[in-house]
Structure formats: structure tokens, C-alpha cells
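Let me begin by presenting the structure, written as C-alpha cells, before commenting on it.
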Amino acid sequence: MSPLSGIRVLDLTNVLAGPFCCHQLAHMGAKVIKIEVPGRGDLARQLGADPELNQKLMGVSFLAQNAGKQSVTLNLKSEKGVALLKELVRSADVLVENFRPGVMDRLGIGWGVLQEVNPRLVYCAISGFGQDGPWRDLPAYDQIIQGVSGVMSITGDAETAPYRVGTPISDTIGGLTAAFAITAALQGRDAQHAKNTGDGSFIDVSMLEATMSTMGWVLSNWLIAGQRPSANGNENFTSAPSGTFATAEGPLNVAANKQEQWEILCHVLEREDLLEHPDYLSRELRKNNRAALKLELEKSFRHKPARYWSELLNRRGVPAGEVLEVPDILKHPQIAERGMIASFEAVPGADRDIQVARTGIKLNGEPPAVSSPPPRLGEHNNAVYGALGLSQQEIEKLKKEQII
């Protein structure tokens, strides 16, 4: 299935939040045209762990979230560039940008202008803090948002917090939020159009607010119960025993959140004595005495490796899992056999085979996929601008003028 087949998206974004948003849309069938700065393109083309790919402007960070897109170059600081963008907007359904608030207006291609060009356009602006408020003009990167959102304050433990989450969660949450909002806006637009009232919309995505919206229980414990959030390390503050435990080989996550799971855990470990211990008789008592309880449980866990305990506990109905490293989970059948990883052979520009992640979704049993690898910078200039009616001679002239 390609639910967004026929939808045209202009991707004016850089690095992660915006490209990740459009990565989702491309996998759902949208035709995504990535508009990049002539000569250097998306900054992500120069980022990643492989210096050779960075030199080729095909950096790992770019390859990770731009498969299936077309790439054109366009100088939006020129009058001709602005005119070309407006022509692209006429036939577009969606435009996504992640400039600082006000930049698109200063370029003469803000929402007010483009809405007149295409009244049905869904315009999505992703920024660190949103289009208004005292922080609207501040620069924002993932780590900045993790810090001000409160995420870092509750990551780690009492000795290590504040601690950055190891993956750029604020960027990716911002991108997912934008993709969700765009698909909802498209549905709303088309539903209204059937009633002859359909117009486009302006979507203002704040990475800060998107991140905070995912912190549900943490925020609610403060807003509703007045409990200040704290850093609990690998312990789940909502229950005990629920956290990470040392074993004979490797760490083990256990989530015995229900009373029956706690009882089964004690039986499996042959620690029925803990069921009668006055400090562990109830959920709240176990939470209050979690440190001592952890030490008691680890006395038993240390006799066998994490894999053994994970398999045994899961068979008995107690949620458990090894703590794996990235290469380990990638080769595990749970991932390797479900089609989450896409392979592209001899990718032009990169000059090698590459593998990248898809979306983590299946539709009717199949993972949404794109057919083409991440594009070289400006790879589709001739096709896209030719479709606007420009001749090859006119396209070459624009290249010489550094418009594209």
C-alpha cells in the first residue's frame, strides 16, 4: 500500500527533524522533492562516521533518511530561485521547512505568499520552540531541546544526571509529530474539499512541545500529583521490581509490574522468602525499598546469564529482556526477518552498497518501502525543472548563474 500516492511534497529541510519527517512521507508513497542549496546541499551530506562519504556529499547522516526522494538544487536568495520555488509550489500538496521562524518570510516565500500561490498547500514549519514566544528566535539543536525540556534532568541517576539521551530523540520526535500533523491536515483538507470548502493549512511544530508531549507520566506526576520528577537511572519509578539487574553475563531488564508477575518472579528465582518479607508485601512497599530488593534479586540472577533468565521469565509470563547493543539487535531475527532494513546496491555518489532503516510500520503485512536510494545532490534538476517547461538550454543557463 502507498497511502500517500499522488501527494507531492517539497522538502526544504536540513539535517534531521525535517528530513526525518519527509522520510516517513516518502515511505508512505508521497513524491518528495528535496530542495537543496547549490554546491553543498543539506548539511547532513557532510555528517556521519565515514569521512570518505562526507567528502562525496553522501554522508551517512544524509543516507539514513533520504532514500526515495528526488534532489534539486535551488538558490532561494535569488529572485529567479524564488520564482522557481513558486512554480514548484503550484503543483505541490505539502511544503516542509525547518528554518528559524521568520526566515521564509524574509526570503519572500513565507506562508502568506505561498498560500496565494496555492490555496490548498499544507505548509509545515518545524522549529525548536515554535513560531512565537520569547524563545522563538533562538537556535535549537537536539541537545538544546533535550536540556530545556526536562529530558536530561531525569536521564541518568542521582550521580550522573543530567544526562543526554543517546539518540537524538527531540529531532526524531519533532519529525514524527510533523509527519502525523501533515497527514491529518491532508485528510482534513480533502474532506473539506468534498464540501467545496477545502483550503490548505499552516502547521507550527515546536520540537520542545513535541518532546514534552511524549513525557506524559513525568509531566502528569508534577502537574496533577505535585511530585517533582527525578533521575532514576534504569529503575522504573512506577513499579518494583522493574529495572535493570546484573546477571552472570550481561544486564537484564525485568518488568514485574503486576502482583502476579512479582509472585512468579520469586518462584522462578526460588526466593519465596521475599513474598513474606514485610518490606515487599505491597507494590508501594517494594517501590519504597527497591534498592534493597534489587540487591536480593541480583543474588539469584548472578547464577545464570541474562539470555537464560530472559527466556525463562518470558515463558513464565514475566516481561524480561537482555540489554543488547545495536549490532546485536540488527542481526536478530526479530529485526532481520521483518523487512525493517532496506538494502541498495552500488548507490550512485556513494559508490557502494548501503543499508538503511525503514519506518517500523507494516501495512497489510508489508513494510512500506521506497524504490530508489538517497539521491546525489541535484540529481533530478533536469527532470523536475524540465517538467516545469524549462528547456535544457534554460536549465544549463540557471546552473551557470548558480540559481540551481
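Below are the figures for this structure:
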{"read-out": "Test for T197: is it modelled with pLDDT under 95, surrounded by fewer than 14 Cβ atoms within 10 Å (Cβ to Cβ), over 27 Å from the mean Cα position of the chain (by Cα) and of a type in the set (V, I, T)", "value": "yes"}
{"read-out": "Qualifying residues in the range 47-99 (those that are charged (D, E, K, R) and without any contact (Cβ under 8 Å) to a residue 12 or more places away in the chain) - the one least open to solvent (accessible area, probe 1.4 Å)", "value": "D50"}
{"read-out": "Test for N236: is it within 30 Å of G175 (Cα to Cα), buried (at least 17 other Cβ atoms within 10 Å of the Cβ) and touching a residue at least 60 places away in the same chain (Cβ under 8 Å)", "value": "no"}
{"read-out": "Matching option when the condition is of a type in the set (D, E) and within 30 Å of V117 (Cβ to Cβ), among E209, E249, E272, E298", "value": "E209"}
{"read-out": "Flag for G102 being surrounded by fewer than 16 Cβ atoms within 10 Å (Cβ to Cβ) and free of Cβ contacts under 8 Å to residues at least 24 places away in the same chain", "value": "no"}
{"read-out": "Failed item in (1) on the phi > 0 side of the Ramachandran plot; (2) assigned to a strand (DSSP E or B); (3) of a type in the set (D, E), with D204 passing the rest", "value": "(1)"}
{"read-out": "Members of the range 48-99 that are assigned to a loop (DSSP other than H, G, I, E, B) and either aliphatic (A, V, I, L, M) or on the phi > 0 side of the Ramachandran plot (or both)", "value": "G48, A49, L57, M58, A64, A67, G68, L74, L76, A92"}
{"read-out": "Near pairs, Cβ below 8 angstrom, 6+ apart or cross-chain, from the range 200-222 (under 26 Å from G110 (Cβ atoms)) to any residue that is open to solvent by 80 Å² or more (accessible area, probe 1.4 Å) and modelled with pLDDT under 95", "value": "none"}
{"read-out": "Pair list, Cβ < 8 Å and 6+ apart or interchain, from the range 376-404 residues that are in contact (Cβ under 8 Å) with a residue 24 or more places away in the chain to residues that are hydrophobic (A, V, I, L, M, F, W, C) and open to solvent by 70 Å² or more (accessible area, probe 1.4 Å)", "value": "none"}
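The values are calculated or read from the model by the stated rules, or taken from the named source; none is laboratory data. From a predicted model like this one, the values you see are computed outputs, not experimental measurements. Counting neighbours? That spans all protein chains shown, and the Cβs are built from the backbone with ideal geometry, glycine included. Side chains are part of the model used for accessible areas, which takes the heavy atoms of the whole protein and leaves out ligands, DNA and RNA. Shrake-Rupley method; radii C 1.70, N 1.55, O 1.52, S 1.80 Å.
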